[in-house]
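**Student:** Okay, handing you the structure first.
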Amino acid sequence: MSQLTKDKTGEGFWGNLANSPSTNEFLKGLWKENPVFVQVLGMCPTLAVTNTAMNGLAMGLATTFVLLMSNILVSSLRNVIPKQVRIASYILIIATFVTMTDYAIQAISVDLSKALGAFISLIVVNCLILGRAEAFASKNTVGKSMLDALGMGFGFVIGLLSLGAVREILGNGSIFGIPVFPASFQEWVIMILPPGGFFTLAMWLMFFNHRKQKKAAL
Amino acid sequence: MNQESLFAIFINASLINNFVLAYFLGICPFLGVSGKMETATKMGAAVTFVMIISSVCAYGLHALLVSIDAIYLQLISYIVVIAATVQLVEMFIKKMSPALFRALGIFLPLITTNCAILGLALFQTNKGYGLAQSVVYALGAGIGFTLALVLMAGLREKLNFAETPNLVKGTALTLLIAGILSLAFMGFAGLGSN
């Protein structure tokens with residue numbers, strides 16, 4: 001609370017909250033530095049598994065878990081790991097948690113594990129996770145790294161969900177498996193096929209470009 | 001053991017199920033180094049080389065892990081082998097051609113985190129390919145990756161002289177082109193399934 005009261009710009013509760021350093025670590029990943037739309041990181045799983053909203057959500061949560069655990073471990077070991085071998089150590093840490101996640105998902109839901117396939121294992125090479133370990137967790141305290149991981153993770157979930165939702169609604173006429181269009185709706189099958197992934201992400205990026213340009217023009 | 005013929009595996013990996021345009025593997029270098037034709041071809045060659053080496057290593061490792069009943073170490077051991085191979089290639093290129101080393105920049109060490117290579121190792125294990133099949137699969141995947149990268153670089157070099165609307169400048173435009181290329185590659189579906 002002391003951080004909240006220190007700020008005397010008088011922008012009200014939310015203004016203060018957004019300006020306090022620790023909440024900022026969390027909020028920046030959600031919107032301002034969103035991994036999918038702003039940083040364009042971790043594209044492989046983003047495009048590959050988002051043919052339905054459910055797959056996107058599951059992939060996002062799995063990635064968030066790995067990101068959180070690896071950020072915690074990396075930041076608590078940041079004074080122990082020698083600088084020369086840090087990337088290799090980070091990758092080993094990440095690979096360990098990904099293996100755990102992979103087996104956990106196989107135990108929880110065989111269908112989901114089949115739908116996501118090798119892409120769960122491929123979380124290891126998601127640039128987002130290694131990027132956060134190197135750019136943030138290796139320099140900050142455990143608490144801050146946790147907030148950073150949660151923010152970035154949820155930002156990633158938002159990105160995957162918004163891609164998955166658009167693709168499922170247009171390509172399958174449903175969301176989370178529930179039909180949203182009358183039966184006469186002709187599905188755009190292309191949207192759930194690979195090209196649809198590229199097109200949907202391009203559309204979202206154009207939307208964000210448009211917003212940025214509008215803001216700059218004001 | 002999988003009984004697919006070598007030729008079918010090659011066509012499948014390079015065209016029908018192109019790693020970049022159908023599996024979305026290796027999108028980061030695909031978006032990052034596809035600006036110039038020359039860098040694109042060399043990047044493609046480097047990735048193909050790493051793919052072949054790590055595919056052979058992954059085949060041996062898998063046999064070893066099965067024999068000592070430690071299959072849960074698969075992911076960790078694969079990634080270590082890939083990281084070591086990339087380090088080797090990096091040292092080699094730095095020595096042989098410093099200019100190329102600078103041109104590839106950060107994307108050279110990032111081959112380690114190129115999903116296409118780990119993806120290849122995992123897919124070949126899942127499909128149960130033998131040694132010869134694995135090598136051909138890696139070669140096909142590498143050539144497919146290079147093909148996609150070179151096509152994209154050619155298109156982007158031309159686009160530098162085109163007038164594009166401000167709205168699509170940057171990554172959005174590259175993704176739109178990738179989508180159209182991916183549509184074109186869907187035309188290969190059915191090839192080889194006699």
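The values are calculated or read from the model by the stated rules, or taken from the named source; none is laboratory data. What you see is a predicted model; the values in this text were computed from it and never measured. When we count neighbours, we look across all protein chains shown, and the Cβ atoms used for this are built from the backbone with ideal geometry, even at glycine. Areas reflect the complete protein model, heavy atoms only, side chains present, ligands, DNA and RNA absent. Shrake-Rupley method; radii C 1.70, N 1.55, O 1.52, S 1.80 Å.
**Student:** At 1.4 Å probe size, put A:His210, B:His62 in order of accessible surface, largest to smallest.
**Tutor:** A:His210, B:His62
**Student:** Let me ask something additional. Just the number, please: Stokes-Einstein D of the stretch B:1-51 in µm²/s, Kirkwood Rh from C-alpha pairs, 10 °C, 1.306 mPa s.
**Tutor:** Estimated via Stokes-Einstein, D reaches 129 µm²/s.
**Student:** Please sort through the DSSP H helices of chain B and keep those with an alpha-carbon extent of at least 20 Å along the long axis and a Kyte-Doolittle average not below 0.0.
**Tutor:** Qualifying helices: B:37-67, B:74-96, B:131-159, B:171-186.
**Student:** So, one more: Over the stretch A:163-218, calculate the relative contact order: mean separation of alpha carbon pairs under 8 Å at least 6 apart, over the residue count, as a percent.
**Tutor:** Relative contact order of the stretch A:163-218: 32 percent.
**Student:** What value, in deg cm²/dmol to 500, does the helix sum -39500 (n - 2.57) over DSSP H runs of n ≥ 4 give at 222 nm once divided by the residues of chain B?
**Tutor:** My calculation for chain B gives -22500 deg cm²/dmol from helical runs alone.
**Student:** Which Cys in chain B stand alone, with every other cysteine's Cβ at 4.7 Å or more from theirs?
**Tutor:** By the Cβ distance rule, which asks for a partner under 4.7 Å, the isolated cysteines are B:Cys28, B:Cys57.
**Student:** Per residue of A:161-169, how many C-beta atoms from partner chains lie within 10 Å of its own C-beta, taken as a mean?
**Tutor:** The per-residue average across the peptide is 0.
**Student:** What percent of all Cα-Cα pairs in the stretch B:96-194 falls into each 5 Å bin, going from 0 up to the bin containing the maximum distance?
**Tutor:** For the stretch B:96-194, the binned pair fractions read 2, 9, 13, 17, 20, 16, 12, 7, 3, 1, 0 percent.
**Student:** More than 16 Å apart: what percent of Cα pairs in the stretch B:31-111 qualify?
**Tutor:** 55 percent
**Student:** In Å², what does the accessible area per residue of the stretch A:29-163 work out to with a 1.4 Å probe?
**Tutor:** 38 Å²
**Student:** For the stretch A:24-136, which whole percent of the accessible surface, found with a 1.4 angstrom probe, sits on carbon and sulfur atoms?
**Tutor:** 67 percent
**Student:** If you rank A:Val85, A:Val80, B:Val150 by how much accessible surface each has, with a 1.4 Å probe, what is the order from largest down?
**Tutor:** Sorted by accessible area, descending: A:Val80, A:Val85, B:Val150.
**Student:** Quick one: with all protein chains in place, what share of the accessible area of chain B is carbon or sulfur, to the nearest percent (1.4 Å probe)?
**Tutor:** Looking at chain B in its full context, I get 69 percent from C and S.
**Student:** Starting from a Cα-only point model with no solvent, please compute log10 I(q)/I(0) by Debye for chain A at q = 0.17 1/Å.
**Tutor:** -1.18
**Student:** Just from the alpha-carbon atoms, what are the Rg and Dmax of chain B in angstroms?
**Tutor:** Rg then Dmax for chain B, in Å: 17.4, 60.
**Student:** Quick one: buried accessible area between A and B, total over both chains, 1.4 angstrom probe, nearest 100 Å²?
**Tutor:** Interface between A and B: roughly 3100 Å².
**Student:** Got a sec? Which residues of the stretch A:176-218 lose 30 Å² or more of accessible surface with every protein chain in place, vs. that chain alone, 1.4 Å probe?
**Tutor:** A:Pro194, A:Pro195, A:Phe198, A:Phe199, A:Ala202, A:Leu205, A:Met206, A:Asn209, A:Gln213
**Student:** Something else now. What is the average number of partner chain Cβ atoms found within 10 Å of a Cβ in A:118-130?
**Tutor:** 6
**Student:** Okay, next question. So if I average 1/r over every pair of distinct C-alpha atoms in the protein assembly as shown and take the inverse, what Kirkwood radius in Å does that give?
**Tutor:** Its Kirkwood hydrodynamic radius stands at 22.4 Å.
**Student:** Highest mean first, what order results for B:180-190, A:52-62, B:110-120, A:105-115 on Cβ atoms within 10 Å?
**Tutor:** Ranking, from highest mean packing down: B:110-120, A:52-62, B:180-190, A:105-115.
**Student:** Helix-only mean residue ellipticity at 222 nm, chain A, DSSP H runs n ≥ 4 weighted -39,500 (n - 2.57), per residue, nearest 500. What is it?
**Tutor:** -21500 deg cm²/dmol
**Student:** For the stretch B:16-144, what is the accessible area per residue in Å² when the probe is 1.4 Å?
**Tutor:** Each residue of the stretch B:16-144 exposes 40 Å² on average to a 1.4 Å probe.
**Student:** At q = 0.12, 0.16, 0.21 Å⁻¹, what log₁₀ I(q)/I(0) does a Debye calculation on the Cα points of the stretch A:105-203 give, no solvent, two decimals?
**Tutor:** -0.57, -0.89, -1.17
**Student:** Taking B:Lys36 as the anchor, which aspartates and glutamates have their alpha carbon closer than 14 Å to its alpha carbon, excluding any fewer than eight residues away along the same chain?
**Tutor:** Of all the aspartates and glutamates, those that pass the test against B:Lys36 - Cα under 14 Å, at least 8 places apart if same chain - are B:Glu157.
**Student:** Quick query: amide H of A:Ile175 versus all other amide H atoms, modeled in the peptide plane; which residues come in under 5 Å with a sequence gap of 5 or more or a different chain?
**Tutor:** Excluding prolines and chain starts, which carry no amide H, the hits are A:Val180.
**Student:** Can you list the residues of the stretch B:31-80 whose accessible area drops by at least 30 Å² going from the chain on its own to the full set of protein chains, with a 1.4 Å probe?
**Tutor:** Buried on complex formation: B:Tyr72, B:Leu75, B:Ile76, B:Ile79.
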